[in-house]
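Since the structure comes first, as structure tokens, the remarks are kept for the end.
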Amino acid sequence: MSEGLTPSDKKFVAPRTGFKEQSFINDEKSEVYEQNLEQFKRLIESAKDLVLATDFDGTVSGFDPNPKTAGIDRKAQEALLKIHALGVPVVIMTGRAGAEVARLAQIPGAVIIGTAGWEVYKADENDPTKGESRVDERLIPYHQEITTILKTVRTKFFERVGGADTVDHSMEMTTEVPTSLGTVIFEKKALTSEFPEGITQEYNLNGVDSKKWDELVAALESDFNEHVSPGIKELFKLKASIDRAHQPPTCRVSISPLGEEGKHKSLIQLLRKDDEINQHTGRPRRKEYFKGVPGGFDGVIYIGDSNADAKALRATHLTREIAGRQSAGVVTFRPEDVGKNVQDRAVRNADVSVTRVEGTAQFLTDIANLIEQYYRK
């Protein structure tokens, strides 16, 4: 596989080999779904080293505007626990912080590609709510500057709206902060000893007086632009999203590394071995913060639910077409989103679709049973 391979929406059409396209299930399994399970059985039988990778929100967890109260579907969790116990690594890819998903999912030994790919978190085998976070090595040299700008913006914001003491004395990743304008849900993502402010901040202003949204977003942008150094401005961005058409309306501001590593890039990193060397540069193909994480898989099942997962779904096909690995991409389909263009690319690039989180849970249960019967037998 070539270094830095990133499939393009226009240039790459994911081939679907062997699977019946778009099998949807609810409570009763269709004939097509059963046929697809036969294909998964063959994939599982032929793989020597299989990995199961999944998105979190909307795939194995229902959507929840409050990160502290979200939770994994219990049937999906039971299936993932069984898959892990059978010797298949479980990887969760998410925009959330790795530690936050570890707390919610509670899968021992799970690898969590968190904070939009900028963090690799390894959950502890004995206590899955704990683990170790590693941050992209490109950010490490700037840890002091990153910490300073994030702390400065946070402090000024909460001085403006009240509640600064609550956040100053809290090392929680997610803090509900009561202010004079309403409740702010504040997140620090990828907390480590080097990054006590995390590498990403998020301000969820849904509970704040909506008449103040524009003013608060402008203030955050002003503070960020005033205090960020030129070097860090090349690495970081502030992104604000106000959606008044949404029911209920939403407002969120994030300060995060510029761009995203992306699930497709992370998936390709997971498929590489630690000792692979780029023949042109002489450097390891695998990034440093992936070291110590299982790799070199010859079989992969990836599950996602939105257009953000489309490239990862295509990456599963690339591994099949270029590297000869066994793979399949699955999308968790939401009928209520038909026509809203939030899943169209994901659905096009999936081999198989299941309906809603309940469908994912049933699919994972069936995959766990197939792994138990046929993997490495």
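What follows draws every value from the coordinates through simple rules; no lab data is involved. Values in this document were obtained by computation on a predicted structure and should not be read as measured data. Virtual Cβ from ideal backbone geometry, glycine too; neighbours counted across all protein chains shown.
A few points about this structure:
- Taking amide H as placed 1.01 Å from N in the peptide plane, the amide H of Phe333 sits under 5 Å from that of Val354, Thr355, Arg356, each at least 5 places away or on another chain.
- Calculated mean residue ellipticity at 222 nm for the chain: -10000 deg cm²/dmol, from DSSP H runs with n ≥ 4 weighted as -39500 (n - 2.57), summed, divided by the residue count and rounded to 500.
- When only alpha carbons are used to place a centre, segment 103-153 and segment 248-297 end up 13 Å from one another.
- Using C-alpha pairs below 8 Å separated by at least 6 residues, the relative contact order for segment 141-257 is 25 percent.
- Note on Lys311, Lys151: ascending count of other Cβ atoms within 10 Å places them as Lys151, Lys311, the fewest first.
- Shape of segment 70-109 from the C-alpha gyration tensor: oblate (a/c of 1.5 or more and a/b not above b/c, with a ≥ b ≥ c the square roots of its eigenvalues).
- Taking only the Cα atoms of segment 88-217, the ratio Rg/Rh comes out at 1.01, with Rh defined as the Kirkwood radius.
- Rounded to 10°, Cα long-axis angle of helix 213-227 versus longest principal axis of the chain: 80 degrees
- Each of Met93, Met173 has some number of other Cβ atoms within 10 Å of its Cβ, and from fewest to most they run Met173, Met93.
- The fraction of Cα-Cα pairs per 5 angstrom bin, counted from 0 for segment 141-257, comes to 2, 12, 24, 25, 20, 12, 5, 1, 0 percent, rounded to whole percents.
- Each Lys or Arg adds one and each Asp or Glu subtracts one; over the other residues with Cβ under 10 Å from the Cβ of Val300, this totals 0.
- Neighbour-count ranking [beta-carbon atoms within 10 angstrom, fewest first] of Lys156, Lys188: Lys156, Lys188
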